[in-house]
Amino acid sequence: DAKTTQPPSMDCAEGRAANLPCNHSTISGNEYVYWYRQIHSQGPQYIIHGLKNNETNEMASLIITEDRKSSTLILPHATLRDTAVYYCIVRVASSGGSNYKLTFGKGTLLTVNP
Amino acid sequence: EAQVTQNPRYLITVTGKKLTVTCSQNMNHEYMSWYRQDPGLGLRQIYYSMNVEVTDKGDVPEGYKVSRKEKRNFPLILESPSPNQTSLYFCASSQTGTRSDTQYFGPGTRLTVL
């Protein structure tokens, strides 16, 4: 799995967009970008994933650069409940017969302030 | 509601006293896995299971056992717990054969071994 680099911490004002960057310069063509988050000591929660096109769901948007060497997770209207550690994970999408292990790095601690 | 449940949520025990942490999922997922999370070390995979009666070691299997007799259950067994197994444990499950690779995590079990 390709290595990712994220800032250790970020702050965001409540109601504003939170933009969390992730660098993955060694990503290969068949690797996806996944985002999970972990609210303090709770189980990690899947947010979104993508290969090369931008993706959006009810939680967030994922913007992947054209060269795929970096991406940004966007929480459009951050709330206090979005305070969490956000993990960017790059890996090949799992297929039958392989270990679906997720390798979590240190992530970014996003603090949403009132 | 789709979910992964773990029991107990909190446990304090003594060295050498066998214990079992249960994990159950109601999504008919083939893949299940156990992770432990320790400060500064992130989440590390202990064991995983691709289906009933199919289990394999993860990165840190020493001191742990698992079984997968039913699709929905994947208990983690500590035959002789030691203080270095004090940790926060998470169970996860995922559908196989798809490329979405969404993993669902349980709420966690905080184990203290004295």
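Tabulated data for the structure shown
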read-out: Extreme residue, positive dipole direction of chain A, given options A:His77, A:Ile63, A:Pro7 (C-beta unit charges); value: A:Pro7
read-out: Size of charge dipole - the protein assembly as shown - debye, nearest 20, with Cβ of Lys, Arg +1 and Asp, Glu -1, no other charges; value: 500 debye
read-out: Amide N of segment A:7-39 lying under 11 Å from the label point, which is placed 7 angstrom from the Cα of A:Thr111 along Cα→Cβ; value: A:9-12
read-out: Where labels lie 7 Å past Cα in the beta-carbon direction, separation of A:His77 and B:Asn7 in nm; value: 3.9 nm
read-out: Relative pair counts by distance (%), Cα atoms of chain A, 10 Å bins; value: 15, 48, 31, 6, 0
read-out: All-pairs alpha carbon distance profile, the protein assembly as shown, 5 Å steps from 0, percent; value: 1, 7, 14, 18, 18, 16, 12, 8, 4, 1, 0
read-out: Other protein chain Cβ atoms within 10 Å, averaged over every residue that makes up B:105-112; value: 2
read-out: Straight-distance crosslink candidates among lysines, where the alpha carbon sits under 29 Å from A:Lys69 and sequence neighbours closer than 8 are dropped; value: A:Lys3, A:Lys52, A:Lys101, A:Lys106
read-out: Simple label model, 7 Å out from Cα along Cβ direction - B:Thr102 to A:Lys3, nm; value: 3.2 nm
read-out: Longest exposed-site-free window of chain A, the sites being GluC sites (Glu not before Pro) in a DSSP loop that have at most 12 other C-beta atoms within 10 Å; value: A:1-57
read-out: Cβ-placed point charges (K, R +1; D, E -1), dipole of chain B about Cα centre in debye, nearest 20; value: 240 debye
read-out: Sites B:Asp59 and A:Gln45 - FRET efficiency at Förster radius 25 Å, r taken between beta-carbons, to 0.05; value: 0.70
read-out: Other protein chain Cβ atoms within 10 Å, averaged over every residue that makes up A:38-50; value: 4
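Where a number appears in this text, it was derived from the coordinates with a stated rule and is not lab data. What you see is a predicted model, and the numbers here were worked out from it, not measured in a lab. In this analysis, Cβ positions are derived from the backbone assuming ideal geometry, glycine residues included, and neighbour counts consider all displayed protein chains.
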